[in-house]
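Encoded as structure tokens, the structure appears first; notes follow it.
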Amino acid sequence: MDKTINATVFSAEEFSPYEKTIYYLAISASLIKSYPIAIDDIGIISSLLKVDDTLLNKALDMYSGEALPFYVAFGKDIIEINDSSSADLFYGILQAVWIYKALNHLSLSTEKEAIIENYRCFNYCIDRFNMLNSFSSVFESVSQNLFSLEYSVFGNNTFSPAELLKTIETILLCEVDEAKNVLTNESDYIYNCLPILYRSFEFEIKTRVHTVYLILSTQIIKHSIFFNGTIKQIANEMYEHLLGMLQNAWLIAAQVELLPMQYSDIPEKRTRKDRTTRIQLLYGYPNYDSYCIRLDLKHKGQGFVHYNNKSPSGVNSYFFSQNRLQSIIHEYPEAKDFFIKYGNLYALKEPNGLSFSKSKKKLFESIMKDNEHFKAFYNDYSESDIIEFSELVAKLLPSCCFTTIDTEEIFATMCFQYSKLMTYILLVGVYSITNNHKLLQKLLNRIAEKAAKISLISENEIKKYNTVVGAYCIMEEIIEQLPFPRI
């Protein structure tokens with residue numbers, strides 16, 4: 001770069017590639033200023049991204065109308081900014097922050113005004129979610145010079161929380177007792193189920209935001225001009241993998257290993273206790289099937305970096321492409337009933353849902369074993385680079401995601417159980433307006449029994465919690481224990 005160029009000095013400090021990436025995105029956003037950003041939001045964003053709030057504020061106010069290209073000095077580095085395209089990535093972050101912030105102010109009141117305000121909040125969150133989804137997909141389309149729906153994390157009409165709004169609309173059409181200013185109905189179910197609907201919506205939308213935000217994080221790294229080529233290549237491969245696996249999916253939790261690995265130079269001696277798992281994701285699909293996928297470094301028996309993907313019942317197998325599926329069925333026609341479809345991918349079904357003969361069971365187990373470990377990257381990267389990449393992802397995620405990953409799979413099992421319970425509790429809110437009290441009570445009994453089975457409540461408390469209020473209390477306990485970011 002020509003040293004005679006007149007560059008605006010951002011700071012005389014030397015910054016890490018990560019810090020320069022974040023400030024660069026904010027400076028790009030300053031070129032167009034599409035969204036006014038409040039001071040307290042800057043504090044929230046800087047805390048989320050682990051950067052200095054004063055410098056972030058300065059970056060967001062950096063551009064004052066100079067002709068492009070615009071030059072900025074980061075310490076000794078002079079950076080050229082030609083356009084505002086990178087602003088989309090920053091504005092994607094902003095949409096997620098605004099959704100989390102709005103949902104943190106939900107009211108659990110059943111007064112009419114509170115219901116209306118919550119309804120507005122939910123509409124606002126859906127609008128922000130659509131913008132987040134759009135920023136991610138449009139940025140990738142522009143960068144690849146290929147406009148395709150394949151870059152969209154969520155397709156049209158696949159976001160189920162929109163259906164919850166219809167339930168709340170129905171409730172708002174009920175008569176209102178003007179004296180008490182609360183909803184009235186022949187059944188108390190609707191009145192009592194409102195808090196469940198609120199929390200169900202929060203769970204539904206947050207798990208979708210988690211999905212897009214995680215994918216957006218890989219985009220930020222892969223498109224940064226500050227990271228070396230290897231880190232960007234790893235990010236690109238991870239982006240493509242996550243986009244293929246998580247389209248229209250919901251993400252309950254993301255964990256990045258905080259502690260260093262042991263036996264780092266001797267893969268043949270490593271076990272899971274040596275912390276070979278560096279990233280763990282708990283996720284699921286619109287039918288509420290759940291999975292846990294781990295990014296594992298080399299260990300005993302596996303001489304390559306790989307993914308392990310596991311279902312609640314212990315089906316340990318990665319996904320199958322259409323071509324791979326067809327080749328298996330061509331060779332083993334009896335295997336055609338083994339698979340379930342998620343978008344463009346196929347997975348092995350839960351064995352308890354299949355009718356197995358002895359030979360079919362043996363074939364099922366053989367197919368599972370052959371696909372138990374899936375090579376994570378096309379290219380061979382050093383483990384130190386993969387660890388560096390995973391730690392960069394952790395910097396972009398909420399702090400609660402940078403943690404120790406238990407080797408006994410206790411956390412994954414908990415998430416599986418809790419997500420199933422949340423599915424049941426969501427149905428309580430939906431069934432509440434059907435006036436089918438018998439069906440609703442059957443569901444409430446099932447929730448209480450399930451909660452006792454996983455020790456959220458005791459066996460002798462089942463009758464106490466098999467009510468709408470009891471289901472709500474169980475839901476609150478679940479949300480408290482799941483690592484949802486609250487910013």
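The values are calculated or read from the model by the stated rules, or taken from the named source; none is laboratory data. The structure presented is a predicted model; accordingly, all values stated were derived computationally and were not measured. Virtual Cβ from ideal backbone geometry, glycine too; neighbours counted across all protein chains shown. The protein model used for the area step is the full one, side chains on, heavy atoms only, and it has no ligands, DNA or RNA in it. Shrake-Rupley method; radii C 1.70, N 1.55, O 1.52, S 1.80 Å.
Points worth noting:
- When each of Gly65, Gly75 is tested for being at pLDDT below 95, among the small types (Gly, Ala, Ser), more than 27 Å from Phe389 (Cβ to Cβ) and surrounded by fewer than 18 Cβ atoms within 10 Å (Cβ to Cβ), the lone residue that passes is Gly65.
- Restricting the range 411-442 to residues that are buried (at least 18 other Cβ atoms within 10 Å of the Cβ) and outside any helix (DSSP H, G or I) leaves a set whose member that is modelled with the highest pLDDT is Ser432.
- Lys369 under 19 Å from Lys310 (Cα atoms), modelled with pLDDT under 90 and in a helix (DSSP H, G or I): no
- If the condition is being within 18 Å of the chain's Cα centre (by Cα) and either of a type in the set (A, V, I, L, M) or under 16 Å from Phe389 (Cβ atoms) (or both), then the range 202-235 contributes Ile205, Val209, Val212, Leu214, Ile215, Leu216, Ser217, Thr218, Gln219, Ile220, Ile221, Ala235.
- Residue among Tyr431, Tyr418 that alone is within 25 Å of the chain's Cα centre (by Cα) and of a type outside the set (Val, Ile, Thr): Tyr418
- Residues of the range 317-332 that are farther than 18 Å from Glu365 by Cβ and not in a loop (DSSP other than H, G, I, E, B): Gln322, Asn323, Gln326, Ser327, His330.
- Within the range 1-51, tally of residues that are assigned to a helix (DSSP H, G or I), of a type outside the set (Asp, Glu) and either closer than 20 Å to Pro398 by Cβ or within 26 Å of the chain's Cα centre (by Cα) (or both): 19
- Checked against (1) within 26 Å of Lys369 (Cβ to Cβ); (2) assigned to a strand (DSSP E or B); (3) open to solvent by 10 Å² or more (accessible area, probe 1.4 Å); (4) touching a residue at least 60 places away in the same chain (Cβ under 8 Å), Ala254 passes all but condition (1).
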